[in-house]
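To start, the structure itself, in structure tokens.
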Ligand SMILES: Cc1cc2nc3c(=O)[nH]c(=O)nc-3n(C[C@H](O)[C@H](O)[C@H](O)COP(=O)(O)O)c2cc1C
């Protein structure tokens, strides 16, 4: 069975560049035989956090949260696509992630970060690592930082620089390894 690796995009701006990075990495995972559905808070019209999914009585959560909870429970890992806003994590990403908790447990995550500038969003990624650990989906060692996103990838996410495919392949190899390893271990049970 192929790995299910939702790609969570953390920008809802009308001029957002992050959709380029999401499309780029989705294609890489798909070409490795993985399912990599996009979780797009803009398309989903995800509300600002009121109640977490688990705070709703069973069967009473908004439909969008029920659908995401179902996807996340079936997932083998999470790919997080993050910009850097003021050297930190974009609020739309935190808002998306904060709706859930236990649904993430015992799965790895991997961070694709990007920015308009030359640092590729790595300052946000460092803070994101701590958040993802707290959510129970620790991130793998490698990041995939994409500097100057507007010229590195076109609107469809096609790379405009040759290093990108090489870097993405290595990143995907590493993440797939962790996702497969934890899937096997989850099948044997989890500590709680
Ligand atoms: C509120 C805000 C804060 C930003 N802060 C940073 C920053 O700290 N470092 C950086 O490299 N770029 C920063 N930028 C520029 C972003 O890298 C660039 O706009 C990028 O395209 C944002 O991702 P998005 O288009 O997917 O929302 C900022 C952009 C916004 C909108």
(request) Return the single residue from 64, 122, 176 with maximal mean-square fluctuation; model: Gaussian network over the chain, springs between Cα atoms under 10 Å. (result) 64
(request) Treat region 5-73 as a sphere of radius equal to its Kirkwood radius over Cα pairs and apply Stokes-Einstein at 37 °C in a medium of 0.692 mPa s; give the translational diffusion coefficient in µm²/s, rounded to a whole number. (result) 244
(request) Please report, in Å, the Rg and the Dmax of the chain, where both are computed over Cα atoms only. (result) 15.8, 50
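Work out, step by step, the length gained on full extension between residue 118 and residue 101: first 0.36 nm times the residue separation, then minus their alpha carbon distance; give nm to one decimal. Before the final figure, lay out each step's value.
Values: separation 17, 0.36 × 17 = 6.12 nm, distance 3.28 nm.
Length gained between residue 118 and residue 101: 2.8 nm.
How would region 83-192 be classified by its alpha-carbon gyration tensor: rounded, prolate or oblate, with rounded meaning a/c under 1.5 and the a/b versus b/c comparison settling the rest? Please list the in-between numbers first.
Details: a/c = 2.60, a/b = 1.46, b/c = 1.78.
Note, shape of region 83-192 comes out oblate.
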(message) So if I take the centroid of the Cα atoms in region 113-180 and the same for region 65-84, what is the distance between those two points in Å?
(response) 16
(request) State, to one decimal in nm², a quarter of the convex hull surface area for the C-alpha atoms of region 100-164, i.e. the direction-averaged projected area. (result) 5.2
(request) With everything on Cα atoms, drop me the angle between helix 122-134 and the longest principal axis of the chain, reported from 0 to 90° to the nearest 10. (result) 10
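Run the numbers on region 59-192 and let me know its relative contact order in percent, using alpha-carbon pairs under 8 Å that are six or more apart.
Details: 193 pairs, mean separation 32.6, N = 134.
So the answer I get is 24 percent.
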(request) Specify the angular offset, from 0 to 90 degrees and rounded to the nearest 10, of the alpha carbon long axis of helix 163-187 from the longest principal axis of the alpha carbons in the chain. (result) 20
(request) Rank these for me by crowding, 192, 178, going from fewest to most other beta carbons within 10 Å. (result) 192, 178
(request) Give the dimensionless ratio obtained when the Cα radius of gyration of region 130-192 is divided by 2.2 N^0.38 Å. (result) 1.47
(request) Note down the relative contact order for region 89-140 as a percent, whole number, built from C-alpha pairs under 8 angstrom at least six residues apart. (result) 46
(request) Choose one answer from 121, 157, 59: the residue with the largest mean-square fluctuation in a GNM of the chain with alpha-carbon springs under 10 Å. (result) 59
(request) Calculate how steeply helix 18-31 sits against the longest principal axis of the alpha-carbon atoms of the chain, using the helix alpha-carbon long axis, and give the answer as 0 to 90 degrees to the nearest 10. (result) 80
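Values quoted throughout were computed directly from the atomic coordinates according to the rules given, and no laboratory measurement underlies them. Please read these numbers as outputs of a predicted model, since none were measured by experiment. Methodologically, a virtual Cβ is constructed for each residue, glycine included, from the backbone with ideal geometry; neighbour enumeration extends over all protein chains shown.
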